[in-house]
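Below is one structure; the comments refer to it alone.
Any read-out appearing in this document is the output of simple, stated calculations on the displayed coordinates, not a laboratory observation. As the structure is a prediction and not an experimental result, all values here were calculated from the model. Cβ placement follows ideal geometry from the backbone for every residue including glycine, while neighbour counts extend to all protein chains displayed.
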There are 2 protein chains.
Amino acid sequence: MDTQNHLPSWQPGLARSHILAFLERVTTADSPEFVPPQQRIATFDNDGTLWLEKPNITELVFLKDLMRFDEKRTLPVGAGLRQRVKHWLHHIHDELIEDASLLFKEFREGISTDEYHSWVADWLDKARHPRFDKPYTELTYLPMREVLQLFAAHGFKNYLVSGGSCYFIRPWCEAAYGIPPEQVIGSKLITRLSDKSGGLEVEMAPVPWFFDNGPGKVLAIESQIARRPIAAFGNSSGDIQMLRWAGTSPTSLCVLIEHTDDEREYRYSPGDDTLAAAKSHGWTKVDMQRDWRQIFQPG
Amino acid sequence: MDTQNHLPSWQPGLARSHILAFLERVTTADSPEFVPPQQRIATFDNDGTLWLEKPNITELVFLKDLMRFDEKRTLPVGAGLRQRVKHWLHHIHDELIEDASLLFKEFREGISTDEYHSWVADWLDKARHPRFDKPYTELTYLPMREVLQLFAAHGFKNYLVSGGSCYFIRPWCEAAYGIPPEQVIGSKLITRLSDKSGGLEVEMAPVPWFFDNGPGKVLAIESQIARRPIAAFGNSSGDIQMLRWAGTSPTSLCVLIEHTDDEREYRYSPGDDTLAAAKSHGWTKVDMQRDWRQIFQPG
């Protein structure tokens with residue numbers, strides 16, 4: 001493999017070398033560790049691994065905005081809902097509880113997954129990160145997008161495996177990461193089939209159905225892909241089982257992203273349990289401050 | 001499209017023409033109904049649509065064999081289980097109930113999905129269909145395998161969407177249909193993560209989690225693929241909603257397979273509700289007796 005030109009925004013060092021050496025081992029035809037293309041599955045956590053998650057997880061910011069109906073920002077909610085909200089606003093006593101109950105009510109009355117997707121897309125068009133003053137989708141990590149591209153170019157199927165909800169990620173992941181919606185695994189609500197408008201629609205119910213975190217990530221990968229990933233990337237305790245599971249493959253790459261750069265991004269620990277797991281299983285650690293030349297796409 | 005050589009085991013007729021015309025419409029670059037490759041999703045029911053389901057659904061035959069422990073057939077169960085079974089056999093009063101409870105016990109103690117896959121594969125190696133005296137995997141429908149191949153060759157992602165369990169289908173679907181396990185959607189049990197043997201394993205619990213039939217097929221497709229199929233094939237009332245949902249796409253192909261040939265296969269009705277839905281939605285009907293030159297691979 002001509003590794004000179006790969007991963008240009010990575011500094012030379014152990015992390016970059018591990019990634020490139022792994023790709024070479026599993027994709028070189030006469031390598032003893034060659035893995036056929038259909039078994040080249042890589043899984044990536046999203047928040048803190050592919051894009052930033054501070055000061056707040058982006059999906060929570062979105063949900064707060066949905067509840068808050070901040071008039072200063074054009075809101076990603078359907079006109080019908082906004083009018084109903086204005087009507088309801090007269091009756092509000094405890095703002096937060098009422099806001100939450102409005103959203104709950106909206107879910108109960110039936111939001112289709114298509115509608116929800118358009119709310120998310122509309123919100124992302126307008127929302128900006130408080131510190132970097134950019135759209136959130138421009139705050140994905142450039143070095144990780146290079147990894148996704150390089151893996152895809154080497155026959156890997158990249159899956160995004162997030163504790164966040166798949167409904168929030170699917171509208172934009174293909175444009176941002178080149179990962180199609182069917183390769184997104186996330187937390188889920190109960191859904192139901194609605195037949196009201198002549199055509200069928202899938203509606204979301206305000207009832208959690210599956211929490212895709214920790215052991216849940218392994219169960220969801222097994223349930224959807226039914227193959228063990230041979231590479232996994234994460235940054236927190238919710239990723240420990242996924243990385244351990246990938247590590248049971250005969251040849252594997254398990255990578256922990258560490259947020260070490262409060263100047264260009266944020267500095268925070270992945271937690272003692274995650275560091276202990278990284279140590280005992282020999283995971284590759286990425287030190288953002290040292291290993292990444294660029295964190296975000298410049299400009 | 002040179003349609004002469006396509007679908008060789010189909011008789012000329014409406015069904016074959018509909019399929020080929022649909023493919024041409026959605027894959028020809030300057031067609032007004034052109035669909036970009038990433039949206040070319042086709043979903044296929046399994047039992048009765050891709051392979052035979054009479055006199056009994058194959059998965060039920062497998063489960064009965066698992067419970068029955070017929071000594072005349074080498075069984076696909078682990079040695080530990082067989083020994084336990086022999087021990088337990090002394091205590092059996094009501095054979096069927098006890099057998100079922102043994103299987104339940106095995107599930108409760110923990111079967112990993114990997115183990116279960118190997119049981120299924122072992123059983124399929126040995127089991128033979130009572131009438132045709134062939135392995136079940138040789139009783140897939142040749143005309144439908146041609147459809148799967150032709151769709152794949154036209155940039156479609158084919159998904160198998162079965163009321164049966166995904167654990168039963170995934171071990172053999174890639175060899176039989178060219179459909180990889182991650183493109184199988186099926187009924188599911190609760191699973192749990194086991195940490196007992198140093199490596200992690202996913203274990204099945206004897207608790208139904210999701211029944212992939214009727215409206216469930218739409219919910220499962222939305223949950224896993226998050227795109228509407230533009231083509232869907234089914235043969236029974238459990239497929240009505242899936243076909244109706246595919247039919248809401250601007251250009252779609254909805255196909256109902258009718259079992260009309262008791263000489264070469266079986267003759268039975270898809271049910272009045274299914275026939276009514278086919279009529280009111282204008283689905284393409286396949287008359288096995290008339291439309292298929294060959295039903296199974298000869299020899």
For this session: Measure of size requested: the Rg and Dmax of chain B, with Cα atoms as the atom set and Å as the unit; please supply both.
Result: 20.6, 72
For this session: Give the nm distances, rounded to one decimal, from B:D30 to the matching residue in every other copy, measuring between label points 7 Å along Cα toward the beta carbon; shortest first.
Result: 4.9
For this session: Estimate the FRET efficiency between B:E24 and A:A276 by the formula 1/(1 + (r/R0)^6), using the beta-carbon distance for r and 56 Å for R0, to the nearest 0.05.
Result: 0.45
Problem set entry | Antiparallel %, DSSP beta bridges [both residues in chain B], to 5 | 40
Problem set entry | Stokes-Einstein translational diffusion, the protein assembly as shown - Kirkwood Rh over all Cα pairs, 0.890 mPa s, 25 °C, in µm²/s | 93
For this session: Could you tell me which residue in chain B puts its beta carbon nearest the axis mapping B onto A, with the distance rounded to whole Å?
Result: B:Q224, 3
Exercise. Using a label point 7 angstrom from Cα along Cα-to-C-beta, what distances in nm, from shortest up, separate A:G282 from the other copies?
Worked result: 6.3
For this session: Estimate the FRET efficiency between A:F34 and A:Q11 by the formula 1/(1 + (r/R0)^6), using the beta-carbon distance for r and 35 Å for R0, to the nearest 0.05.
Result: 0.75
For this session: Work out which trypsin sites (Lys or Arg not before Pro) in chain B are exposed loop sites (DSSP not H, G, I, E or B, at most 16 other Cβ within 10 Å) and give the longest gap free of them.
Result: B:132-263
Problem set entry | Separation in nanometres of the label points that stand 7 Å from Cα toward Cβ, at B:R267 and A:A205 | 4.3
Exercise. What are the label-to-label distances in nm, one decimal and shortest first, from A:G271 to the same spot in the other copies, with labels 7 Å along Cα to Cβ?
Worked result: 4.5
Seminar exercise, completed: One finds, for B:I190 and A:S237 with R0 = 22 angstrom and r their Cβ-Cβ distance, a FRET efficiency to the nearest 0.05 of 0.40
Exercise. When the helix-only estimate is applied to the protein assembly as shown (DSSP H runs of n ≥ 4, each -39,500 (n - 2.57), divided by the residue count), what is the mean residue ellipticity at 222 nm, nearest 500 deg cm²/dmol?
Worked result: -11500 deg cm²/dmol
For this session: May I ask you to list the GluC sites (Glu not before Pro) in region A:225-267 that are in a DSSP loop and have at most 12 other Cβ atoms within 10 Å of their Cβ?
Result: A:E263
For this session: Report the antiparallel proportion of the DSSP beta bridges in the protein assembly as shown as a percent, rounded to a multiple of 5.
Result: 40
Problem set entry | Span from the region A:149-211 Cα centroid across to the region B:1-60 one, whole angstrom | 26
For this session: Please list, in chain and number order, the residues 5+ apart from B:W292 or on another chain whose amide H is under 5 Å from its amide H, with Hs placed from the backbone.
Result: B:Q11
Exercise. What is the extension gain from A:A153 to A:E109, computed as 0.36 nm multiplied by their sequence separation minus the C-alpha to C-alpha distance, in nm to one decimal?
Worked result: 11.4 nm
